[in-house]
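Chemist: Below are the structure tokens for one structure; questions will follow.
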Amino acid sequence: MKTMGNQQWFTLAIIIATASTFSSFHVCALDFSSILGKTTDDKDTAASINNEGNDPTASDGPVLAYPGQEVNSFGQPTYGVDISFPIHRKNLSTNYAWLPHNQDPENNPTPKKYEGMPIQVMGNKQAEYDEFLKGCRKHYGKRGSACDSVESDRVEMSLRQPKSMQNYTDLGFKKIKAPEAVFKLIKAFWETNKDNGKTEQWFTGNTYTNHWEAPTTMVSVEDTKLRGAGFALKNEIWTAARETIEEWTGEELTQCSLYGIRVYHEGAILATHVDRMPLVSSAIVNVAQDVDEPWPIEVYAHDGKAYNVTMEPGDMVLYESHSVLHGRPFPLKGRFYANVFIHFEPTGHTLRHGNDHGESSDVDGKYKEAVEKGHGGHEAAVDGLPPYIKRGSVEEEKWLSAHPHGKKEKMKSFTTGSTQTDAHLAAQENDVQRLAQIVEKEKGLIAAKDENGWTPLHEGVRAGSKEVVELLVKKGADPNERTNFGDGVSPLWLAEQQYGKDHPVVIFLTEIGAVSFGPEL
């Protein structure tokens, strides 16, 4: 393998998978110099990585930024955490690849301040991150300190959570063509409603996207004003995608989250992160794009190496979102990039023929038996710990602390149907009188959650009924209760997305101090 001289710009070689697996691929050499920029230290001495379209399996191999730079399994020169964006700590590496001790380590001992610091191949990314955070603080003004709190939480979770997770695949991600049935449903909805996206509202201090500079829009499948939207469409997409992801993970899955098509715009960044549980087995589908150059998703696979994966419309990336760090830390060059996130949670029942857990091969039978006993999916475990959390880990302690009864709310039963209550149905139908009678008789139904973590209040919001919402709030419903068992959206966010800020439901919730929380990424 070769290293380039010190007088050249850094560029990033990105591997594009072109088949249903990554067994065949070609190289796309992308010039990221305008993204990465010069540092105040490097002048014109940044190292260059550019495969120039060569076969990465050629005998002389890919071009490296410094001697001994690692290459991932797709032939891409790779790097560690805290290089492109803060991941394990908020200070990015300043151990530049062009420094003498990296270019000629035999004759230049490593200065003490760089010992143990990963080699920085992307220039002064700390300055870019400082500007990123400065933009968030400025946007939120007096509440700007919330930006730092959110960042600290993101970094802490990125460091803590992956090592506590049970993984289901070797590498942690895979690029394929989206199943025809999945893409057909999503594409049809997009073509019909692509001009009706609404600007997303993010909670105070949210730093997962630079929405203060490049606002995201959402074409929501939950916005019943949009043609074809609604729970029926969500179910169709989930059903069409489930088999593909189950085959990949070897695990039986239950749906968790699907909000719609998020559209990123010029200059957008998605901070590298892991998803909050129970978003575990996930998929991204590229729906449409208008870009000047590919916008890669950066993933840190189970082998510990960074990969940059580009996608075209119709491509699907499967990934274990609870343990695989993923993001898009390089600003989008182009007009827009539309994709949809589809999330599932393992039930704890393996579908692999070679069962590694010593369980009976009658997965469906055992699951049906568990459901009949009142246990759904992973709740069949004695202590209720979800199967994707390692026993003895930090996350086990956190989960059991948050779920003192050893289980979370009842999940959907695939054998008996939905967990919606009469209160949910009355709220959906805007039947205020019947709803009042139901919750008066059984007050516990006010906070009852269905299979997607929706309460009657969420249903009342979706129905656009101020009367239902007002009744439930007066009866004690939490106006900030999030869907998806605490990881989804708040009633105010849902109302804003569906009806706009002038709707009576939005006005009422705002007046009582409700907060607008958007979906997890």
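The values are calculated or read from the model by the stated rules, or taken from the named source; none is laboratory data. Every value quoted in this text rests on a predicted model; they were computed, and no experiment measured them. Note that we place each Cβ from the backbone using ideal geometry, even for glycine, and neighbour counts take in every protein chain shown.
Chemist: Exactly one of these conditions fails for LEU185: (1) in the same structural domain as ALA306 (by TED's automatic domain parsing); (2) surrounded by 13 or more Cβ atoms within 10 Å (Cβ to Cβ); (3) assigned to a loop (DSSP other than H, G, I, E, B). Give me its number.
Modeler: The one condition LEU185 does not meet is (3).
Chemist: Is the stretch 100-123 home to any residue that is assigned by TED's automatic domain parsing to the domain that holds VAL274, farther than 20 Å from HIS273 by Cα and of a type in the set (S, T, N, Q)?
Modeler: Checking the stretch 100-123: not a single residue is assigned by TED's automatic domain parsing to the domain that holds VAL274, farther than 20 Å from HIS273 by Cα and of a type in the set (S, T, N, Q).
Chemist: Among (1) buried (at least 18 other Cβ atoms within 10 Å of the Cβ); (2) modelled with pLDDT under 90, there is one condition GLY486 misses while meeting the rest; what is its number?
Modeler: (1)
Chemist: Can you pull out the residues in the stretch 101-128 that are assigned to a helix (DSSP H, G or I) and under 16 Å from GLN69 (Cβ atoms)?
Modeler: Within the stretch 101-128, HIS101, ASN102, GLN103, TYR114 qualify.
Chemist: Step by step: first the residues of the stretch 164-182, then only those that are touching a helix residue (DSSP H, G or I) at 6+ places or on another chain (Cβ under 8 Å) and assigned to a helix (DSSP H, G or I), then the one that is surrounded by the fewest Cβ atoms within 10 Å (Cβ to Cβ). Which residue is that?
Modeler: Filtering first and then ranking leaves ALA181.
Chemist: Residues in the stretch 198-205: is at least one outside any loop (DSSP other than H, G, I, E, B) and out of contact with any Lys or Arg (no Cβ under 8 Å at 6 or more places or on another chain)?
Modeler: Yes: one or more hits.
Chemist: Identify the single condition in (1) buried (at least 20 other Cβ atoms within 10 Å of the Cβ); (2) in a loop (DSSP other than H, G, I, E, B); (3) among the polar types (S, T, N, Q) that SER73 does not satisfy, given that it satisfies every other one.
Modeler: For SER73, the failing item is (1).
Chemist: Can you name the residue in the stretch 91-148 that is of a type in the set (D, E, K, R), crowded, with 16+ Cβ neighbours inside 10 Å and touching a residue at least 60 places away in the same chain (Cβ under 8 Å) and is also nearest to ILE269 (Cα to Cα) among such residues?
Modeler: Ranking the candidates gives GLU128 first.
Chemist: To continue, here is another question. Among the residues of the stretch 189-212, write down those that are surrounded by 19 or more Cβ atoms within 10 Å (Cβ to Cβ) and without any contact (Cβ under 8 Å) to a residue 40 or more places away in the chain.
Modeler: Residues satisfying the conditions are ASN193, HIS211.
Chemist: Do you know which residues across the stretch 490-520 are buried (at least 24 other Cβ atoms within 10 Å of the Cβ), assigned by TED's automatic domain parsing to the domain that holds ASN430 and assigned to a loop (DSSP other than H, G, I, E, B)?
Modeler: Once the filter is applied, which keeps residues that are buried (at least 24 other Cβ atoms within 10 Å of the Cβ), assigned by TED's automatic domain parsing to the domain that holds ASN430 and assigned to a loop (DSSP other than H, G, I, E, B), the stretch 490-520 yields only SER490.
Chemist: Is it fair to say GLU191 is more than 23 Å from ASN339 (Cβ to Cβ), in the same structural domain as PRO313 (by TED's automatic domain parsing) and not aromatic (Phe, Trp, Tyr)?
Modeler: It is false that GLU191 is more than 23 Å from ASN339 (Cβ to Cβ), in the same structural domain as PRO313 (by TED's automatic domain parsing) and not aromatic (Phe, Trp, Tyr).
Chemist: Pick out, from the stretch 227-297, the strands (runs of 3 or more DSSP E) lying fully within it that include 3 or more residues that are surrounded by 18 or more Cβ atoms within 10 Å (Cβ to Cβ) and among the hydrophobic types (A, V, I, L, M, F, W, C).
Modeler: The strands (runs of 3 or more DSSP E) meeting that bar are 281-291.
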